[in-house]
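Since the structure comes first, as structure tokens, the remarks are kept for the end.
The values are calculated or read from the model by the stated rules, or taken from the named source; none is laboratory data. Since the model is a prediction, treat every value here as computed from it, not as a measurement. For neighbour counting, all protein chains shown are included, and Cβ atoms are generated from backbone atoms with ideal geometry for every residue, glycine included. For the accessible areas, the whole protein counts, side chains as well, though only heavy atoms, and no ligand, DNA or RNA atoms are used. Shrake-Rupley method; radii C 1.70, N 1.55, O 1.52, S 1.80 Å.
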Amino acid sequence: MSLSNAFIAIIRRDLVLAYRRRAEVANPLLFFVLVITLFPLGLGAQTKLLQAMAPGIIWIAALLAAMLSLDSLFRSDFDDGSLEQFILSPHPLSVLILAKIVAHWLVTGLPLLLISPLLAIFLGMPEQSVPVLLWTLLLGTPVLSLIGSIGVALTVGLRRGGMILALLVLPLYIPVLIFAGNAVEMAGSGLPVGAQLNILAAILFAALVLAPLPAAAALKMSMNG
Amino acid sequence: MFLIPDSVGRFFHRMASPPHFYTFTGRLLPWLTAIFIILTAVGLYGGLFLAPADYQQGDSYRIIYIHVPSAWMSLFIYVVMAVAGAIGLVWRIKLAEIVMISSATVGAGFTFIALLTGSLWGKPMWGTWWVWDARLTSELILLFLYLGVIALYGAIDDKRTASRAVAILAIVGVVNIPIIHYSVEWWNTLHQGPTVSKIDKPSIHVSMLIPLLTMAVAFKFYYLVAMLQRARTELIQRERNSQWVKGLIE
């Protein structure tokens, strides 16, 4: 089987598996919506305040939802031994991991993107920032999955890896949060956002190329240990 | 070994052997400690007594003799940690792993001291303990990166595996630190209004600079002392079943 066939086969397999467990897939999405619903309840329903905070609220909720969904990236493959087969396969592990990350993003990141316009309206975000919000989510959430894959590969062998995963991954998410939140905010005041989106795209491509390598090394380490 | 002189190569080769490392550092530590104490005494005397008071900040600027070297060390040690981790990953040298993890705690300590002294200085100078200034924020994130390293090492029972995990994390961290730093700086210039305008740094006078550099070197020696102490403990703990450690006890 050629590398590209293997790549596509893994994506297809993961998507089928996700489809069979639809309820699990919905959880991060529900979490995302719930967290955003909590903010008006905690802060008071002042339209101005929520409007000003909307980009930050949506992005922090997306960050937390992405982080919570990370565990499912390797968990079942780790438990049933598929990961060992990936490592044994003649293809480079980093490329196979990239396939898993793509599938994982399609299942957990893309739904966040699709539901976010609704939430933007909930929070009274100005109309011209909604497309920018979508752009930042499109460029930013794959980065969350990519960086997260390193953290989850390091902790997949641990019994209580959850809190440590947060400690490892959240500091590395900060640049994405800064540029994405800022772009949406600037768009709200009618300012150009090209620079922020370009930087987000640069981060995405750098992460696409670089992140699978340490993730593969970490995964091998987790399997041996 | 064509790039490295043979004697240097042999030195490192011998240092990679645990018993040799243990006895060698045992002999080295008193000297390092002495140099650290002398340099600290000289640096603090120069900084606290000889250097003139700042014309704007008075005496409260003197905290920089602790604060600035700590901040330098916090970055320096992270890089040392990542380099030691990379060496450990590539050549599987046990001692590189031990140096890496022994550095983490010391580095976290320096980061914490830099934050603490910064906020102690900020209260009289800026009128507040904490501002979301770019450098403060980066330093805080650096502390979280250190704590992540320490937590990950603690969570994995097999220490060789833990060392490899931590090495990967440290290398990822080193790649990310510049990105985080510049994004924070950028965020700061866009968000923060001129509520706290930092006092323009005049070029520092020689009488203030010399104690500062002395303290910086002293802190380097403190790092060596603290790191080697931790490394020695970690080493005999890991090697507790080997002959040479048993020999030490008897």
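Observations, loosely collected:
- Taken over region A:28-58, the residue count meeting the criterion of being of a type outside the set (A, V, I, L, M, F, W, C), in a helix (DSSP H, G or I) and surrounded by fewer than 15 Cβ atoms within 10 Å (Cβ to Cβ) is 4.
- Candidates B:84, B:104, filtered to the one that is in contact with an Asp or Glu (Cβ under 9 Å, 6 or more places away or on another chain) and under 25 Å from residue B:166 (Cα atoms): B:84
- Residues located in region B:85-140, provided they are of a type in the set (Phe, Trp, Tyr) and either open to solvent by less than 50 Å² (accessible area, probe 1.4 Å) or part of a helix (DSSP H, G or I) (or both): B:91, B:110, B:112, B:121, B:126
- Residue pairs whose Cβ atoms lie under 7 Å apart, separated by 6 or more positions or on different chains, with the first residue in region B:216-227 and over 11 Å from residue B:77 (Cβ atoms) and open to solvent by less than 20 Å² (accessible area, probe 1.4 Å) and the second among the small types (Gly, Ala, Ser) and assigned to a helix (DSSP H, G or I), are B:218/B:43.
- Residue match in region A:149-157 (condition: out of contact with any His (no Cβ under 9 Å at 6 or more places or on another chain), more than 14 Å from residue A:73 (Cβ to Cβ) and within 11 Å of chain B (Cβ to nearest Cβ)): no
- Among residues of region A:209-225 that are at the interface with chain B (Cβ under 8 Å from one of its Cβ atoms), those with a beta-carbon under 7 Å from a residue that is of a type in the set (Lys, Arg) and buried (at least 22 other Cβ atoms within 10 Å of the Cβ) at least six positions away or on a different chain give the pairs A:221/B:164.
- Residues that are part of a helix (DSSP H, G or I) and not aliphatic (A, V, I, L, M) were ranked within region A:184-208; the one that is farthest from residue A:126 (Cα to Cα) is A:205.
- Top-ranked residue in region A:3-27 [being part of a helix (DSSP H, G or I) and among the charged types (D, E, K, R); ranked as least open to solvent (accessible area, probe 1.4 Å)]: A:14
- Listed conditions (1) in contact (Cβ under 8 Å) with a residue 12 or more places away in the chain; (2) more than 29 Å from residue B:136 (Cα to Cα) are all met by residue B:65, apart from (2).
- Any hit, region A:47-59, residues being farther than 19 Å from residue A:111 by Cβ and polar (S, T, N, Q): yes
- Matching residues, region B:117-153, being β-branched (Val, Ile, Thr) and within 14 Å of chain A (Cβ to nearest Cβ): B:137, B:141, B:149, B:150
- First in region A:53-69 and over 15 Å from residue A:114 (Cβ atoms), second anywhere and among the acidic types (Asp, Glu) and open to solvent by 10 Å² or more (accessible area, probe 1.4 Å), Cβ under 9 Å, 6 or more apart: A:54/A:185; A:55/A:185; A:56/A:185
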